[in-house]
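One structure is given here, and the rest of the page talks about it.
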Amino acid sequence: MPIDRAMVFAAGFGTRMAPLTDTLPKPLIPVAGKPLIDHALDLLSDVSTVVINTHYRAAQLEDYLADRNVVCLREEPEVLETGGGLKNALSVLGNGAVFTLNSDVIYAGPNPVDALQAAWDPDTMDALLTLIPVENTVEYSGAGDFYLDEMGRIERRGRRKSAPFVYGSVQILKTDLLAEVSQNAFSLNLIWDQMIAKGRAFGLPYEGRWVDVGRPEGISVAERVLANV
């Protein structure tokens with residue numbers, strides 16, 4: 001059955017985007033004529049249940065989304081991070097596999113949500129991550145995140161100087177393990193590590209371009225990339 005539920009992470013403070021985030025939550029910063037959150041929601045046009053977590057300048061984002069078919073969950077008094085935020089959203093999403101994505105990246109090329117859906121195999125996978133070949137990234141200066149083995153399973157960079165793939169911030173993830181984490185705020189890295197150890201975490205290389213809109217200068221870069229699609 002197609003996966004029809006998704007979580008968009010939008011609660012962060014966007015400190016690297018200052019001074020733009022002095023007055024706006026990061027997901028409302030415009031890129032190519034529309035806010036970042038709309039670029040994320042465009043990827044989910046075929047998904048019927050979408051949860052968006054909010055925290056920093058939550059009322060602004062919630063007001064903007066008021067007429068959308070989404071559910072906003074405000075995290076108070078603390079940000080719950082990716083794992084805690086997703087765990088908190090299960091009251092709406094229910095159990096099972098869901099899409100998760102960040103609201104601060106731009107994809108120029110095929111829809112990664114559609115690609116993940118087509119490649120998803122629940123019998124062998126507990127997670128399927130969109131992976132961007134480092135050469136396809138724009139405005140990224142890190143050392144990479146993952147390797148892929150011959151079966152498509154992911155392996156962390158670890159102590160190696162670099163890795164050929166960057167996590168593209170869109171994935172399919174089974175949520176069963178979230179209930180076993182006792183703390184409220186935690187990273188999904190805890191869940192990934194368990195899935196990697198069991199050989200059940202996979203990666204799907206992305207064929208298009210990917211822009212990390214993490215700083216103000218990334219906006220014009222993303223707009224140039226989108227203009228050339």
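The values are calculated or read from the model by the stated rules, or taken from the named source; none is laboratory data. As the structure is a computational prediction, the values presented were derived from the model and not from experiment. Cβ: placed from backbone, ideal geometry, glycine included. Neighbour counts: every protein chain shown.
Brief remarks follow.
- Test: residue in the stretch 128-135 that is among the hydroxyl-bearing types (Ser, Thr, Tyr), surrounded by 20 or more Cβ atoms within 10 Å (Cβ to Cβ), closer than 18 Å to Ile3 by Cβ and in contact with a helix residue (DSSP H, G or I) (Cβ under 8 Å, 6 or more places away or on another chain): yes
- Set Ala185, Ala179: member being of a type in the set (Gly, Ala, Ser), out of contact with any strand residue (DSSP E or B) (no Cβ under 9 Å at 6 or more places or on another chain) and at pLDDT below 95: Ala179
- Answer residue from the stretch 102-127, given it is surrounded by fewer than 17 Cβ atoms within 10 Å (Cβ to Cβ) and among the polar types (S, T, N, Q) and is farthest from the chain's Cα centre (by Cα) among those: Thr124
- Members of the stretch 161-175 that are touching a strand residue (DSSP E or B) at 6+ places or on another chain (Cβ under 7 Å) and in a loop (DSSP other than H, G, I, E, B): Ala163, Pro164, Thr175
- Meets criteria (without any contact (Cβ under 8 Å) to a residue 24 or more places away in the chain, over 23 Å from Ile219 (Cα atoms), in a loop (DSSP other than H, G, I, E, B) and not charged (D, E, K, R)) for Gly158: yes
- Scanning the stretch 176-229 for residues that are of a type in the set (Val, Ile, Thr), outside any loop (DSSP other than H, G, I, E, B) and out of contact with any helix residue (DSSP H, G or I) (no Cβ under 7 Å at 6 or more places or on another chain) returns Ile196, Ile219, Val221, Val225.
- Residues within the stretch 4-16 that are in contact with an Asp or Glu (Cβ under 8 Å, 6 or more places away or on another chain) and over 21 Å from Phe99 (Cα atoms), tallied: 1
- Output for the stretch 130-142, where each listed residue is farther than 22 Å from Leu86 by Cα and either in a strand (DSSP E or B) or modelled with pLDDT under 95 (or both): Ile132, Pro133, Thr137, Val138, Glu139, Tyr140, Ser141, Gly142
- Among the residues making up the stretch 70-104, those that are at pLDDT below 95 and either under 29 Å from Tyr206 (Cα atoms) or among the aromatic types (Phe, Trp, Tyr) (or both) are Gly94, Asn95, Gly96, Ser103, Asp104.
- Check on Arg16, touching a residue at least 12 places away in the same chain (Cβ under 8 Å), basic (Lys, Arg), surrounded by fewer than 21 Cβ atoms within 10 Å (Cβ to Cβ) and more than 23 Å from Asn189 (Cβ to Cβ): no
- Qualifying residue in the stretch 108-129 (condition: assigned to a loop (DSSP other than H, G, I, E, B), in contact with a His (Cβ under 8 Å, 6 or more places away or on another chain) and in contact (Cβ under 8 Å) with a residue 60 or more places away in the chain): no
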